[in-house]
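Enquirer: The following block contains the structure, expressed as structure tokens.
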Amino acid sequence: MDFKQIEKKWQDKWFNEKLFKAVDFHPTKPKYYVLYEFYNISGNLHMGHLKGTVPADALARYKRFKGYNVLFPIGGDAFGLPAENAAIKTGINPHDFVANGLKTVIAQSQKIGLSFDWDRTICTSDPEYYKWTQWIFLQLFNHGKAYKETAKVNFCPKCQTVLSNEDSQGGKCDRCGSDVVQEERQSWFLKMREYGDKLLQNVDRIQMAENLKEAQRNWIGRSEGTEITFDIFDEKGNKVEKLDIYTTCVETVYGITFVALAPELKLLDKLKNSIKNWTEVEKYRKMTALRSEFDRMSDQKNKTGCKLEGLYVINPANGRKVDMYIADFVLAGYATGAVMAVPSHDQRDYEFAQKFNIPFIQVIEGDTSSQAVEKGEYLPKNSKLINSAEFSGMTVKDAKVKIAQKLIDMGVARKKVNYKMTDWAFNRQRYWGEPFPIVICPHCGEVAISEKDLPLLLPEVKDYMPNKNGDSPLSKAKDWVNCKCPKCGRDAKRETDTMPNWAGSSWYWLRYVDPHNSEKLADFEKLKYWGSVDCYTGGTEHITRHVLYAFFWQNFLYEIGAVPTRDPFVRKMGSGLVLDDEGKKMSKSSKNGVSPLEVIDKYGADVTRMHLHFLGGYEDNTPWTYDGIKGITSFVDKVWSLQDMIKGEKISDEHRFELASLNKKAGENYENLKLNTAISAMMIFVKKIKEDGFITKEELRQFLIFLNPLAPHMTSEMFERVFGEQITDQSWPDYNEKDLVKNEVEIAVQVNSKIVTRIVIPSDADNQKVLEIVKANDKIQLALKDKTIVKEIVVPGRIVNIIVK
RNA sequence: GCUGGUGUGGCGGAAUGGCAGACGCACAGGACUUAAAAUCCUGAGAGGGCAACUUCGUGUGGGUUCAAGUCCCACCACCAGCACCA
């Protein structure tokens, strides 16, 4: 078989004849939307792309046979690092880089045999596309979901840009891996935290592996607790300020021996005059500001802090005076940035109190001599309270409710929900991104430009680097920056930061539905027709980032009536990694990387597709190896030889069973993206045919359809040769339920749960009959001799177990 | 530390509570060949036995069940996510 010639022939045909075009509003066929994460335009496709695209392609091809109108699109995620780096390093225009990159991945996708609808290809850096990214930002802004504020944000010193929490996971810059620092900067934020509960509902509804769901819930980090207001007093006993503190352990409120504030807290400046050791406080604040997030995290055991001399708060529960500290273990960004510290029942507070000689008050039973008795320990035991006035003796469960109620009744507390997830820091000081459709006017502040002025084009520049002050490269494009305020008409400047590269990917599946619409982001009726993505494949590294952003934007767009569905995706499959021979992720940057195109060139696309997926399950990591590729090559050769074995018209009962089994198995496997077992089922069938030495035309016809989603090229060619028709015009064959049952089955027979023998019985025999046959068997008779039968268990078609005494 | 997931031959990996190890690789023996490659056939979890056969076997230890890789409890290891989140 000349796979090179055959693959080229079919790839050209599929592309030129637009054979996989999805039809809007198909009159008869139901829709099915398969999505693979669009390509990050950076260079060549790598093995990871095959891991994710091929199962999606197989599903798309399978669903077409099943009579669905399948939408299976692709595009380019083009803004961001790769194009920009190429521009900085080699001076190539990022537009050209992207245009070439897109051409490359399209050509390479064809070489893999992916059945995309090429007429819907989009690219996020195309003005026709980013017009709508900007439009969505305008809606967010106009609905009060986008705001600009000076706040501590993650900042990468090397990339010179602000990063979101999602882009600084583990304290490292997602772009370059450098340690991220916290800097006070004017930044754009999207109110993602407000959507915390809605995102959690998205997580509940989506079909996805449990570990991925948990990762998302963790990231959102919802907790329920109580917010308590403490009055702050100065040395003379004058009430000077109020301090809100959030706790999930209100039951420990009688154990408070100090409160701790984040050093960054602005409240401190207001208290300056009452703090007697202000110089020391300022020194500590400066020190923490210099410590990177990474330092603070890796130095957890060594607690640092500084007492606020001259101030105290009153614990509203018991009127006790409590000292105040600032400490860098308290995070400014979470809840109110202050904690009520209970050293006996919180390990952090315990360590801090020990270091600063702060007293302990134990309020829940347990041994606190060497470490804190925390909620993880006392909650399951439902221990009792001590030293807690009228609540002493109560169980934690009761006290939690009663103490909260008391404080609420006193007017000093309220129930509160908090999230770890923060608002999305949405601006970057980089060139290659969507410009904000915002004008900064000295009189009116941030003003949105008119929708009709979209897209706001990204200007051409010569220098792609931010300047030393950390201003975006766009600030150098003076002609572009200087403009008139849309509101008052006076001189103003454009926002010179750009959007993060996640902006364009936060809604792209909606654009595929109507990619050329110049009036709307997509026609509402088309959005309604295609609905949510039925199956979305791609990498698990996007679970706590892109997928959450996607939930967020789709919720917002739904609420403003721009889209008809709240859920972007019905099912999300997280692709495993392809590992190199050191067990590390194989990516284009890895040294031991194997290029899929190299493998395709040597073995053909059909073999490459099947080999990679025969190595392991879709959601599992796959260690890449050439070992075993021979098995697939020889399978492909055997399949090819089937066309010389056609004989007869009538399908034997035995073959009918094999065919029906394969039909069922293949269908289920494609549906569940389990290509490894699908391939194994194909092999079993072919083995049987080779053993028997013949195949009827009808069997071959069906088999080629079954195999087509895995090996589209060779099956297309064989189908044309043998039947003179196009396989893409065929439908998935039906099978009869009764064909799944063999006339005779071999069952195992056990006596006292041990296998004694195996016998063949007619499969339609009822339990009574089965036992008769079994008991007539010599070996069984021997085993039953002189024994009393206590129990007889018959599992039809599988096993008989006779229990004797 | 918390959360979730996973532990099966030499290897990749199969098994709706019902015959563990499907399918494939590597391996061994054989056929074809001057020879090799390719192809085809056969074998194989481990231990014992010439053999029929037999004992042990799905990370470890318990349990439920006629029956457990699968369910329950405890532990160990690995992977992933989060990580001073109050």
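The values are calculated or read from the model by the stated rules, or taken from the named source; none is laboratory data. Please read these numbers as outputs of a predicted model, since none were measured by experiment. Because the Cβ atoms are built from the backbone with ideal geometry, glycine has one as well, and the counts that use them run over all protein chains shown. Surface areas here come from the heavy atoms of the whole protein model, side chains and all, with no ligands, DNA or RNA. Shrake-Rupley method; radii C 1.70, N 1.55, O 1.52, S 1.80 Å.
Enquirer: Being open to solvent by 50 Å² or more (accessible area, probe 1.4 Å) and of a type outside the set (A, V, I, L, M) is the filter here, so list the residues in segment A:741-757 that pass it.
Expert: Once the filter is applied, which keeps residues that are open to solvent by 50 Å² or more (accessible area, probe 1.4 Å) and of a type outside the set (A, V, I, L, M), segment A:741-757 yields A:742, A:743, A:744, A:746, A:752, A:753, A:754.
Enquirer: Continuing with this model, one more query. Residues of segment A:591-605 being open to solvent by 10 Å² or more (accessible area, probe 1.4 Å) and away from RNA strand B (no atom under 14 Å from the Cβ), which ones?
Expert: Result: A:591, A:592, A:593, A:594, A:595, A:597, A:598, A:600, A:601, A:602.
Enquirer: Which condition number does residue A:433 fail, the rest of (1) at pLDDT 95 or above; (2) small (Gly, Ala, Ser); (3) more than 32 Å from the chain's Cα centre (by Cα) being met?
Expert: Condition (3) is where residue A:433 drops out.
Enquirer: State which residue is farthest from residue A:533 (Cα to Cα) when the search covers only segment A:545-561 and only residues that are over 17 Å from the mean Cα position of the chain (by Cα) and buried (at least 20 other Cβ atoms within 10 Å of the Cβ).
Expert: A:556
Enquirer: Oh, and also: All but one of (1) under 30 Å from the mean Cα position of the chain (by Cα); (2) crowded, with 20+ Cβ neighbours inside 10 Å hold for residue A:252; which doesn't?
Expert: It is condition (1) that residue A:252 fails.
Enquirer: What about residue A:237, is it modelled with pLDDT under 95, within 15 Å of RNA strand B (Cβ to nearest atom) and over 28 Å from residue A:535 (Cα atoms)?
Expert: Values: modelled with pLDDT under 95: yes; within 15 Å of RNA strand B (Cβ to nearest atom): no; over 28 Å from residue A:535 (Cα atoms): yes.
Taking the combined requirement at face value, the residue does not satisfy it.
Enquirer: Give me a count of the residues in segment A:114-135 that are surrounded by 21 or more Cβ atoms within 10 Å (Cβ to Cβ) and part of a helix (DSSP H, G or I).
Expert: 5
Enquirer: Moving on to the next point. Would you mind telling me which numbered condition in (1) within 14 Å of RNA strand B (Cβ to nearest atom); (2) open to solvent by 10 Å² or more (accessible area, probe 1.4 Å) residue A:260 fails?
Expert: Failed condition: (2).
Enquirer: Quick test of your reading of the structure: residue A:580 fulfils all but one of (1) on the phi < 0 side of the Ramachandran plot; (2) within 16 Å of RNA strand B (Cβ to nearest atom); (3) touching a helix residue (DSSP H, G or I) at 6+ places or on another chain (Cβ under 6 Å); (4) open to solvent by less than 50 Å² (accessible area, probe 1.4 Å). Name the failing condition by number.
Expert: (3)
Enquirer: Let me ask something else about it. Which one of A:787, A:769, A:791 is open to solvent by 70 Å² or more (accessible area, probe 1.4 Å), without any contact (Cβ under 8 Å) to a residue 60 or more places away in the chain, part of a helix (DSSP H, G or I) and touching a strand residue (DSSP E or B) at 6+ places or on another chain (Cβ under 9 Å)? Before the answer, list the steps.
Expert: Numbers: A:787 fails: part of a helix (DSSP H, G or I); A:791 fails: part of a helix (DSSP H, G or I).
Checking each option against the conditions leaves just A:769.
Enquirer: Where the second residue is within 16 Å of RNA strand B (Cβ to nearest atom) and not in a helix (DSSP H, G or I) and the first is farther than 20 Å from residue A:606 by Cα and among the aromatic types (Phe, Trp, Tyr) and lies in segment A:629-653, which pairs have Cβ atoms under 9 Å and are six or more apart or on separate chains?
Expert: Taking only residues 6 or more apart or on different chains, not a single pair turns up.
Enquirer: Please go through segment A:607-640 and pick out each residue that is near RNA strand B (Cβ under 9 Å from one of its atoms) and among the basic types (Lys, Arg).
Expert: Answer for segment A:607-640, where residues must be near RNA strand B (Cβ under 9 Å from one of its atoms) and among the basic types (Lys, Arg): A:630, A:638.
Enquirer: List the number of the failed condition for residue A:782; all other conditions in (1) aliphatic (A, V, I, L, M); (2) farther than 30 Å from residue A:703 by Cα; (3) surrounded by 14 or more Cβ atoms within 10 Å (Cβ to Cβ) hold.
Expert: Unmet for residue A:782, out of (1) aliphatic (A, V, I, L, M); (2) farther than 30 Å from residue A:703 by Cα; (3) surrounded by 14 or more Cβ atoms within 10 Å (Cβ to Cβ): (3).
Enquirer: Given the structure, is residue A:167 open to solvent by less than 40 Å² (accessible area, probe 1.4 Å) and either part of a loop (DSSP other than H, G, I, E, B) or of a type outside the set (Lys, Arg) (or both)?
Expert: Yes, satisfied.
Enquirer: Let me ask something else about it. Do we find a residue being open to solvent by 30 Å² or more (accessible area, probe 1.4 Å) and assigned to a strand (DSSP E or B) anywhere in segment A:13-30?
Expert: Taking every residue of segment A:13-30 in turn, none turns out to be open to solvent by 30 Å² or more (accessible area, probe 1.4 Å) and assigned to a strand (DSSP E or B).
Enquirer: Only one of (1) at pLDDT below 95; (2) closer than 19 Å to residue A:341 by Cβ; (3) assigned to a helix (DSSP H, G or I) fails for residue A:287. Which number is that?
Expert: Here residue A:287 meets the rest and fails (2).
Enquirer: Can you go through A:696, A:728 and tell me which one is surrounded by 16 or more Cβ atoms within 10 Å (Cβ to Cβ), farther than 19 Å from residue A:670 by Cα and among the hydroxyl-bearing types (Ser, Thr, Tyr)?
Expert: Checking each option against the conditions leaves just A:696.
Enquirer: Among the numbered conditions (1) farther than 25 Å from residue A:670 by Cβ; (2) assigned to a loop (DSSP other than H, G, I, E, B); (3) of a type in the set (D, E, K, R), tell me where residue A:567 comes up short.
Expert: Going through (1) farther than 25 Å from residue A:670 by Cβ; (2) assigned to a loop (DSSP other than H, G, I, E, B); (3) of a type in the set (D, E, K, R) one by one, residue A:567 breaks only (1).
Enquirer: May I pose another question? If you go through segment A:263-284 one residue at a time, how many are in a helix (DSSP H, G or I), open to solvent by less than 50 Å² (accessible area, probe 1.4 Å) and polar (S, T, N, Q)?
Expert: Selection size over segment A:263-284: 1.
Enquirer: Kindly provide the set of residues from segment A:170-204 that are open to solvent by less than 50 Å² (accessible area, probe 1.4 Å) and at pLDDT 85 or above, ordered by number.
Expert: Once the filter is applied, which keeps residues that are open to solvent by less than 50 Å² (accessible area, probe 1.4 Å) and at pLDDT 85 or above, segment A:170-204 yields A:185, A:187, A:188, A:189, A:190, A:192, A:195, A:196, A:199, A:200, A:202, A:203.
Enquirer: What number of residues within segment A:395-424 are without any contact (Cβ under 8 Å) to a residue 60 or more places away in the chain and over 18 Å from residue A:245 (Cα atoms)?
Expert: Total satisfying the criteria: 4.
Enquirer: Restricting attention to segment A:433-454, which residues are open to solvent by 10 Å² or more (accessible area, probe 1.4 Å) and either basic (Lys, Arg) or under 17 Å from residue A:500 (Cα atoms) (or both)?
Expert: A:452
Enquirer: Also, I was wondering about something else. All but one of (1) part of a loop (DSSP other than H, G, I, E, B); (2) charged (D, E, K, R); (3) open to solvent by 40 Å² or more (accessible area, probe 1.4 Å); (4) away from RNA strand B (no atom under 16 Å from the Cβ) hold for residue A:420, so report the exception by its number.
Expert: Among (1) part of a loop (DSSP other than H, G, I, E, B); (2) charged (D, E, K, R); (3) open to solvent by 40 Å² or more (accessible area, probe 1.4 Å); (4) away from RNA strand B (no atom under 16 Å from the Cβ), residue A:420 violates only (4).
A quick yes/no check of all residues on (1) within 16 Å of RNA strand B (Cβ to nearest atom); (2) among the hydroxyl-bearing types (Ser, Thr, Tyr):
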position	(1), (2)
A:528	no, no
A:545	yes, no
A:554	no, no
A:558	no, yes
A:561	no, no
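Enquirer: Determine whether residue A:738 is surrounded by 13 or more Cβ atoms within 10 Å (Cβ to Cβ) and away from RNA strand B (no atom under 15 Å from the Cβ).
Expert: Considered against the rule, which asks whether it is surrounded by 13 or more Cβ atoms within 10 Å (Cβ to Cβ) and away from RNA strand B (no atom under 15 Å from the Cβ), residue A:738 comes out as no.
Enquirer: If I go through segment A:205-232 residue by residue, how many of them are under 30 Å from residue A:316 (Cβ atoms), near RNA strand B (Cβ under 10 Å from one of its atoms) and open to solvent by 40 Å² or more (accessible area, probe 1.4 Å)?
Expert: 2
Enquirer: Could I ask something else about it? Name the one entry in A:538, A:504 that is in contact with a Ser or Thr (Cβ under 7 Å, 6 or more places away or on another chain) and within 16 Å of RNA strand B (Cβ to nearest atom).
Expert: Details: A:504 fails: within 16 Å of RNA strand B (Cβ to nearest atom).
Exactly one residue qualifies, and that residue is A:538.
Enquirer: Would you call residue A:721 basic (Lys, Arg), within 11 Å of RNA strand B (Cβ to nearest atom) and open to solvent by 80 Å² or more (accessible area, probe 1.4 Å)?
Expert: Working: basic (Lys, Arg): yes; within 11 Å of RNA strand B (Cβ to nearest atom): no; open to solvent by 80 Å² or more (accessible area, probe 1.4 Å): yes.
It is false that residue A:721 is basic (Lys, Arg), within 11 Å of RNA strand B (Cβ to nearest atom) and open to solvent by 80 Å² or more (accessible area, probe 1.4 Å).
Enquirer: Kindly indicate whether residue A:517 is part of a loop (DSSP other than H, G, I, E, B), modelled with pLDDT under 95, at negative phi and not charged (D, E, K, R).
Expert: no
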